[in-house]
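Participant: Following this message is one structure expressed as structure tokens.
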Amino acid sequence: MSGLTKRQKKDLTRIIIAFVLFVLLIVLEHTHVIPESFAHSYWMIIPWLVPYFIVGQDVIRKCFLGISHGQMFDESFLMTLATVGAFGCGELHEAVAVMLFYQVGEFFQGYAVGKSRGAISELMSIAPDFANREEEDGSIEVIDPDDIEVGDILVIKPGEKIPTDGVVIEGEGLINTSALTGESMPRSVRTGDDVISGCINGDTLLRVEARKEYDDSTVAQILEMVENAASKKSRTENLITRFARYYTPAVVIGAVLLAFIPPLISGHFAAEFGTWVLRACTFLVISCPCALVISVPLAFFGGIGAASREGVLVKGSNYLEMMSKLDTIVTDKTGTLTEGKFKVSMIDAANGYSTEDIIRYAAAVEAGSTHPIGAAIVQACDKPYPASKVKDEQNFAGKGISAKVGRDLICVGNRGFFEENGIEIQEDIVEAAGTYCYVARNGKYIGTIIVADMPKAEAKKAIADLFAENVRRIVMLTGDSEKVAAQVASELGISDYKAGLLPLDKVKAVEDLLAEISGDEGSSNDRKLAFIGDGINDAPVLSRADVGIAMGSLGSDAAIEAADIVIMDDKLSRIPAVIRIARKTMSISRANIVFALFVKFACLILGAIGIANMWAAVFADVGVAVICILNSMRMLSK
Amino acid sequence: MKKKFKLIDLDCANCAAKMEEAIKKLDGVNDASVSFLTQKMMIDAEDAVFDQVVQEAVKCIAKVEPDCKVVLK
């Protein structure tokens with residue numbers, strides 16, 4: 001066991017010494033080395049007190065400190081009372097063993113929690129430790145990230161972390177964003193590109209101009225958010241806290257009643273009192289709710305950590321809990337399900353031309369165009385004509401464009417443009433959503449290019465995965481036309497969509513769906529609604545939904561602010577992954593609750609009727625706690 | 001004002017819950033949290049009484065767990 005703190009090492013030494021003495025005393029007793037007359041006398045308590053104090057000194061100390069501060073009923077008090085009770089009844093082995101194993105359990109508990117804390121801080125090791133600032137004379141000074149001012153020139157050497165958000169002013173290379181996005185492919189950056197803090201520079205040197213102070217940078221915001229996540233407690237966690245508040249006093253009162261009532265009723269008070277006090281002590285040992293109080297938040301903490309490893313920030317345990325109960329997902333179209341960029345989706349060639357002819361002619365004409373549709377056409381062309389061949393470009397705003405390619409006059413435009421010029425369009429494409437661009441050569445129609453905002457490559461699979469994760473309904477909302485919406489929806493396997501919505505209509509649609517969910521089965525609010533958007537102009541909808549999920553948000557402050565769950569890159573597949581993490585978190589915490597309560601109550605009942613002894617009680621307390629913590633730690637492993 | 005403090009040797013989760021409850025009840029405290037997992041305490045209190053609140057909070061912590069130290073910086 002490496003990595004123990006100084007204190008843990010000291011505790012371990014004490015446990016080992018006490019354990020050796022404990023075994024030694026038992027052996028000495030059984031081999032009659034200790035005279036029997038002494039072993040059966042009250043004096044025998046003295047040798048037993050030695051290991052007891054060695055192992056239990058801090059518990060006893062805390063117990064008395066607690067009493068002096070008026071804090072009764074803490075763990076130390078209960079353990080001390082239980083062991084003193086056992087000593088009083090002459091159960092010397094038990095008294096020492098209970099203290100010994102309580103400390104062993106505490107030790108493991110501390111070790112396990114420390115381990116998971118380490119694993120989590122490793123996940124969070126995205127914070128930069130220093131920055132290299134270039135001074136005016138060209139020298140480089142190493143400074144604290146907190147001291148960076150906007151406009152500072154920072155030099156980022158190969159392998160170093162980018163300390164704050166900025167823009168590259170010199171250098172070109174690959175940066176690794178995986179700590180932030182979970183994306184393993186490095187991103188290429190060059191002069192003029194924005195870079196985000198927390199990314200790791202590749203093999204080249206970059207000079208970056210700081211655009212934000214460290215406190216406002218992406219990394220600082222993310223760290224702040226994850227640390228605060230623990231304070232937004234889930235319903236399960238709140239339930240445990242409330243349970244803990246009543247459980248301990250209730251068990252202690254039970255113990256007092258158990259010590260006095262049965263011997264009083266039986267009438268043989270003096271003869272039976274000892275037995276019942278011992279049983280009452282068993283109760284006290286079981287009365288700490290620590291197994292639940294530690295393991296349930298640990299599971300949620302681990303869940304949030306696991307999500308952040310996927311490049312997903314969950315702002316609170318409560319959102320993780322809601323994700324496990326998702327019933328309806330409402331999603332935006334543009335930029336969420338689709339690329340948010342125009343692309344050529346289809347080319348139809350007529351009159352003996354090939355599709356390649358069509359795109360080459362159109363691209364030549366559009367080469368100088370700044371219109372997104374023109375840019376999409378240019379991008380789709382593999383073999384463009386040399387620019388020297390294209391001349392006499394004429395732009396007809398809102399209608400089309402024409403130019404001479406070689407000796408041919410090529411026109412690209414919409415239907416109105418073609419009708420004005422008396423060019424007849426022969427259409428073969430029946431029903432394709434998108435913008436139609438017609439192409440003519442020397443006044444004759446030769447083909448059509450359809451430009452559309454294409455669904456993301458992985459969108460279809462992600463939608464199918466969401467349905468597979470038991471999401472009952474997925475509704476797509478869009479401001480686009482009915483025709484475009486219908487096509488995208490059917491392509492992705494979404495049956496519900498609402499088209500032609502203004503931003504306010506989207507809020508209304510989400511409110512209607514929320515009412516529908518909660519109305520379906522009375523007041524059961526075990527079915528949650530999530531909204532997925534790009535976070536840019538749908539902040540009101542994001543906050544209206546039970547869970548607002550913003551996509552592609554790396555570097556967008558507004559989205560990080562408005563959403564409950566933030567997906568740093570734009571991969572839809574992160575959402576089913578988060579649902580799986582949420583479900584696993586919930587099932588682990590549920591398993592812990594059921595297991596811990598079952599063992600504790602079983603031990604309470606068996607202890608009351610005298611079947612379960614103190615050994616069982618120690619297991620029910622610390623043993624269960626350790627098992628629950630180990631179970632929760634599964635959330636931290638991949 | 002909102003501020004975070006590091007806690008050293010906060011050993012029991014139930015104690016963290018008790019501390020949180022006690023600090024929340026202090027005068028001038030808007031919100032407080034004590035996290036066993038991150039070993040951190042967050043106090044959000046009125047500016048005028050902030051330092052006083054922090055001192056009170058340290059007392060609350062010492063009461064629940066005598067060995068637990070607050071790093072004041």
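Participant: Could you figure out which of (1) modelled with pLDDT under 85; (2) of a type in the set (Val, Ile, Thr); (3) surrounded by 18 or more Cβ atoms within 10 Å (Cβ to Cβ) isn't true of B:Ile43?
Facilitator: For B:Ile43, the exception is condition (1).
Participant: Just the residues that are in contact with a Gly (Cβ under 7 Å, 6 or more places away or on another chain) and among the aliphatic types (A, V, I, L, M), please, taken from the stretch B:1-58.
Facilitator: B:Ala45, B:Val49, B:Val53
Participant: Could we say that A:Leu606 is surrounded by fewer than 18 Cβ atoms within 10 Å (Cβ to Cβ) and free of Cβ contacts under 8 Å to residues at least 12 places away in the same chain here?
Facilitator: Numbers: surrounded by fewer than 18 Cβ atoms within 10 Å (Cβ to Cβ): yes; free of Cβ contacts under 8 Å to residues at least 12 places away in the same chain: yes.
Yes: the conditions hold for A:Leu606.
Participant: May I ask you to verify whether A:Val293 is among the β-branched types (Val, Ile, Thr), touching a Phe, Trp or Tyr at 6+ places or on another chain (Cβ under 6 Å) and either within 14 Å of chain B (Cβ to nearest Cβ) or in a loop (DSSP other than H, G, I, E, B) (or both)?
Facilitator: Details: among the β-branched types (Val, Ile, Thr): yes; touching a Phe, Trp or Tyr at 6+ places or on another chain (Cβ under 6 Å): no; either within 14 Å of chain B (Cβ to nearest Cβ) or in a loop (DSSP other than H, G, I, E, B) (or both): yes.
No: the conditions fail for A:Val293.
Participant: Is it true that A:Phe601 is more than 28 Å from A:Ser184 (Cβ to Cβ), surrounded by fewer than 17 Cβ atoms within 10 Å (Cβ to Cβ), modelled with pLDDT of 85 or more and not acidic (Asp, Glu)? Give the steps one after another, and end with the answer.
Facilitator: Working: more than 28 Å from A:Ser184 (Cβ to Cβ): yes; surrounded by fewer than 17 Cβ atoms within 10 Å (Cβ to Cβ): yes; modelled with pLDDT of 85 or more: yes; not acidic (Asp, Glu): yes.
The answer is yes for A:Phe601.
Participant: Is it the case that some residue within the stretch A:439-449 is farther than 22 Å from A:Lys343 by Cβ and either in the same structural domain as A:Asp496 (by TED's automatic domain parsing) or crowded, with 20+ Cβ neighbours inside 10 Å (or both)?
Facilitator: yes
Participant: Another question, if that's okay. Quick check on this structure: which one of A:Ala291, A:Ala306 is out of contact with any His (no Cβ under 6 Å at 6 or more places or on another chain), crowded, with 23+ Cβ neighbours inside 10 Å and modelled with pLDDT under 80? Don't jump to the end; show me each part of the working.
Facilitator: On the way: A:Ala306 fails: modelled with pLDDT under 80.
Just a single option satisfies the conditions, and that option is A:Ala291.
Participant: Shifting gears a bit: How do the helices (runs of 4 or more DSSP H) wholly within the stretch A:315-431 filter down when requiring 3 or more residues that are surrounded by fewer than 21 Cβ atoms within 10 Å (Cβ to Cβ): which remain? Talk me through it step by step, then tell me what you get.
Facilitator: Values: elements: A:317-323, A:355-366, A:372-380, A:415-420.
Per the criteria, A:355-366, A:372-380, A:415-420.
Participant: To continue, here is another question. Within the stretch A:91-102, is there a residue that is at positive phi and in the same structural domain as A:Ala616 (by TED's automatic domain parsing)? Let's see the steps before the verdict.
Facilitator: The first filter runs over the stretch A:91-102 and keeps only residues at positive phi, leaving none.
Looking for residues that are at positive phi and in the same structural domain as A:Ala616 (by TED's automatic domain parsing), one finds none in the stretch A:91-102, hence no.
Participant: Let me ask another. Return the total of residues in the stretch A:496-529 being in contact with a helix residue (DSSP H, G or I) (Cβ under 7 Å, 6 or more places away or on another chain), farther than 14 Å from A:Thr338 by Cβ and modelled with pLDDT of 85 or more.
Facilitator: The qualifying residues number 8.
Participant: Okay, moving on. Could you please let me know if A:Glu141 is touching a strand residue (DSSP E or B) at 6+ places or on another chain (Cβ under 8 Å) and not in a strand (DSSP E or B)? Walk me through it before giving the result.
Facilitator: Working: touching a strand residue (DSSP E or B) at 6+ places or on another chain (Cβ under 8 Å): yes; not in a strand (DSSP E or B): no.
Taking the combined requirement at face value, the residue does not satisfy it.
Participant: State all residues of the stretch A:163-221 that are over 14 Å from A:Asp152 (Cβ atoms) and among the basic types (Lys, Arg); if no residue qualifies, say none.
Facilitator: Listed by number, the residues that qualify are A:Arg187, A:Arg190.
Participant: With (1) over 31 Å from the mean Cα position of the chain (by Cα); (2) in a strand (DSSP E or B) as the list, and A:Glu136 as the residue in question, which single condition is left unmet?
Facilitator: With respect to (1) over 31 Å from the mean Cα position of the chain (by Cα); (2) in a strand (DSSP E or B), A:Glu136 is out only on (2).
Participant: For the stretch A:243-281, what are the residues that are without any contact (Cβ under 8 Å) to a residue 40 or more places away in the chain and surrounded by 16 or more Cβ atoms within 10 Å (Cβ to Cβ)?
Facilitator: Within the stretch A:243-281, the subset without any contact (Cβ under 8 Å) to a residue 40 or more places away in the chain is A:245-246, A:250, A:253, A:255-257, A:259-273, A:276.
Within the stretch A:243-281, A:Ala255, A:Ala259, A:Pro262, A:Pro263, A:Phe273, A:Trp276 meet the criteria.
Participant: Looking at the stretch A:217-235, which of the residues that are surrounded by fewer than 20 Cβ atoms within 10 Å (Cβ to Cβ) and in contact (Cβ under 8 Å) with a residue 24 or more places away in the chain is nearest to the other protein chains (Cβ to nearest Cβ)? Lay out the reasoning, then the answer.
Facilitator: Of all residues in the stretch A:217-235, those surrounded by fewer than 20 Cβ atoms within 10 Å (Cβ to Cβ) come to A:221, A:223-225, A:227-228, A:231-232, A:235.
Imposing the further condition that a residue be in contact (Cβ under 8 Å) with a residue 24 or more places away in the chain reduces the set to A:221, A:223, A:225, A:228, A:231-232, A:235.
Details: A:Gln221: 15, A:Leu223: 11, A:Met225: 13, A:Asn228: 8, A:Ser231: 4, A:Lys232: 10, A:Arg235: 16 Å.
So the residue we want is A:Ser231.
Participant: Any residue in the stretch A:573-596 that is in a loop (DSSP other than H, G, I, E, B) and within 24 Å of A:Thr177 (Cα to Cα)? Show your work before the answer.
Facilitator: Of the residues in the stretch A:573-596, the ones in a loop (DSSP other than H, G, I, E, B) are A:573.
Then keep just the ones that are within 24 Å of A:Thr177 (Cα to Cα); that gives A:573.
Yes - at least one qualifying residue is present in the stretch A:573-596.
Participant: Something else now. Condition check: at pLDDT below 80 and among the small types (Gly, Ala, Ser). Does A:Ala433 satisfy that? Can you show your working first?
Facilitator: Working: at pLDDT below 80: yes; among the small types (Gly, Ala, Ser): yes.
Yes.
Participant: Using beta carbons and a limit of 6 Å, which pairs, at least six apart or on different chains, have the first residue in the stretch B:55-73 and surrounded by fewer than 18 Cβ atoms within 10 Å (Cβ to Cβ) and the second one of a type in the set (Lys, Arg) and modelled with pLDDT of 80 or more?
Facilitator: Here the result reads B:Val71/B:Lys6, each pair linking the stretch B:55-73 to a residue that is of a type in the set (Lys, Arg) and modelled with pLDDT of 80 or more.
Participant: For the stretch B:55-72, what are the residues that are more than 14 Å from chain A (Cβ to nearest Cβ) and either farther than 25 Å from A:Val293 by Cβ or touching a Lys or Arg at 6+ places or on another chain (Cβ under 8 Å) (or both)?
Facilitator: Passing the criteria: B:Gln55, B:Val70, B:Val71, B:Leu72.
Participant: Just for the stretch A:58-81: of the residues that are touching a residue at least 24 places away in the same chain (Cβ under 8 Å) and part of a helix (DSSP H, G or I), which one is surrounded by the most Cβ atoms within 10 Å (Cβ to Cβ)?
Facilitator: So the first thing to find is which residues in the stretch A:58-81 are touching a residue at least 24 places away in the same chain (Cβ under 8 Å), and the list is A:59, A:73, A:75, A:78-81.
Next cut, part of a helix (DSSP H, G or I) only: A:59, A:75, A:78-81.
On the way: A:Val59: 19, A:Glu75: 25, A:Leu78: 26, A:Met79: 28, A:Thr80: 21, A:Leu81: 19.
Selected residue: A:Met79.
Participant: Suppose we filter A:Val594, A:Val618 for residues that are over 22 Å from the mean Cα position of the chain (by Cα) and crowded, with 24+ Cβ neighbours inside 10 Å; which single one remains?
Facilitator: Values: A:Val594 fails: crowded, with 24+ Cβ neighbours inside 10 Å.
Sole residue among the options that is over 22 Å from the mean Cα position of the chain (by Cα) and crowded, with 24+ Cβ neighbours inside 10 Å: A:Val618.
Participant: Now for a separate question. A:Pro47 - would you say it is away from chain B (no Cβ under 12 Å), more than 14 Å from A:Leu100 (Cα to Cα) and assigned to a helix (DSSP H, G or I)?
Facilitator: On the way: away from chain B (no Cβ under 12 Å): yes; more than 14 Å from A:Leu100 (Cα to Cα): yes; assigned to a helix (DSSP H, G or I): yes.
For A:Pro47, the condition - away from chain B (no Cβ under 12 Å), more than 14 Å from A:Leu100 (Cα to Cα) and assigned to a helix (DSSP H, G or I) - is met.
Participant: Does A:Leu284 satisfy the criteria of being among the hydrophobic types (A, V, I, L, M, F, W, C), modelled with pLDDT of 85 or more and part of a helix (DSSP H, G or I)? Walk me through how you get there before you give the answer.
Facilitator: Working: among the hydrophobic types (A, V, I, L, M, F, W, C): yes; modelled with pLDDT of 85 or more: no; part of a helix (DSSP H, G or I): yes.
Considered against the rule, which asks whether it is among the hydrophobic types (A, V, I, L, M, F, W, C), modelled with pLDDT of 85 or more and part of a helix (DSSP H, G or I), A:Leu284 comes out as no.
Participant: Still on this model: Go through (1) in contact with a Lys or Arg (Cβ under 9 Å, 6 or more places away or on another chain); (2) modelled with pLDDT of 85 or more; (3) away from chain B (no Cβ under 14 Å); (4) in a helix (DSSP H, G or I) one by one and return the number of the condition A:Trp276 breaks.
Facilitator: So A:Trp276 meets the others, but not (1).
Participant: Restricting the search to the stretch A:476-522, which residues are hydrophobic (A, V, I, L, M, F, W, C), more than 31 Å from the chain's Cα centre (by Cα) and surrounded by 13 or more Cβ atoms within 10 Å (Cβ to Cβ)? Please lay out each step first, then the result.
Facilitator: As a first pass, look at the stretch A:476-522 and keep what is hydrophobic (A, V, I, L, M, F, W, C): A:476-477, A:484-486, A:488-489, A:492, A:494, A:499, A:501-502, A:504, A:507, A:509-510, A:513-515, A:517.
Filter once more, keeping what is more than 31 Å from the chain's Cα centre (by Cα): A:484-486, A:499, A:501-502.
Scanning the stretch A:476-522 gives A:Val484, A:Ala485, A:Ala486, A:Ala499, A:Leu501.
The values are calculated or read from the model by the stated rules, or taken from the named source; none is laboratory data. This structure is a prediction, so every number in the text was calculated from the model and none was measured. For neighbour counting, all protein chains shown are included, and Cβ atoms are generated from backbone atoms with ideal geometry for every residue, glycine included.
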